[in-house]
Amino acid sequence: QVQLVESGGGLVQPGGSLRLSCAASRMMFSIYTMAWYRQAPGNQRELVAAITGGGSTNYADFAKGRFFISKDDAKNTVYLQMNSLKPEDTAVYYCNGRYMTATFWGQGTQVTVSS
């Protein structure tokens, strides 16, 4: 069974940075489109950033210029570097892997931006 395990969340002050990691197992990682989503209380889950198997990336408008998605196929890991964090970035961040009709989710990691 595919597993996606996120790590790297935590409490950070406004303007700070965090790097999230998502380690995948039991999947052909290099062919999947990997993505990060987030969900704040009372809000719908929304796409933050995605990276295709070939390495093409796309970002939500709020993430452009501040967040950067990358992956290491040798480590079956996708990363989300988050800079210049704002209180409104506070949410649970979820890792997602998708290939054709198959989609998998991690359990989520909490990111809290507060002074």
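The values are calculated or read from the model by the stated rules, or taken from the named source; none is laboratory data. Keep in mind that what you see is a predicted model, and the values were worked out from it rather than measured. Using ideal geometry, Cβ is built from the backbone for each residue, glycine included, and neighbour counts are taken over all protein chains shown. These accessible areas exclude ligands, DNA and RNA; they are computed on the full protein's heavy atoms, side chains included. Shrake-Rupley method; radii C 1.70, N 1.55, O 1.52, S 1.80 Å.
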Quick check on the chain: of the DSSP beta bridges with both residues there, what percent are antiparallel, nearest 5%?
95 percent
Go from 0 up to the bin containing the longest alpha carbon distance in the range 74-115, width 10 Å each, and give me the % of pairs per bin.
22, 45, 26, 7, 0
Judged on accessible area alone, 1.4 Å probe, highest first, TYR99, TYR32 line up as TYR99, TYR32
Two pseudo-spin positions, 7 Å from Cα along C-beta at GLN3 and at THR101, lie apart in nanometres by 2.7 nm
Computed P(r) (all Cα pairs; the range 1-97; 5 Å bins; percent)
3, 14, 26, 25, 18, 10, 4, 0
Mind checking the dipole of the range 52-115: about its Cα centre, +1 per Lys or Arg Cβ, -1 per Asp or Glu Cβ, Debye to the nearest 20?
60 debye
May I ask for the distance between the Cα centers of the range 85-115 and the range 8-66, given as a whole number of Å?
6 Å
Point-charge dipole on Cβ atoms (K/R +1, D/E -1) for the chain, about Cα centre, debye to 20
100 debye
Quick check: net charge around VAL92, other residues with Cβ under 12 Å of its Cβ, Lys/Arg +1 and Asp/Glu -1?
-1
So for GLU88, GLU6, GLU46, what's the accessible-area order with a 1.4 Å probe, most first?
GLU88, GLU46, GLU6
What FRET efficiency comes out for the pair SER30/LYS86, r = Cβ-Cβ distance, R0 = 35 Å, nearest 0.05?
0.60
Scoring the chain by relative contact order with C-alpha pairs under 8 Å, at least six apart, yields a percentage of 36 percent
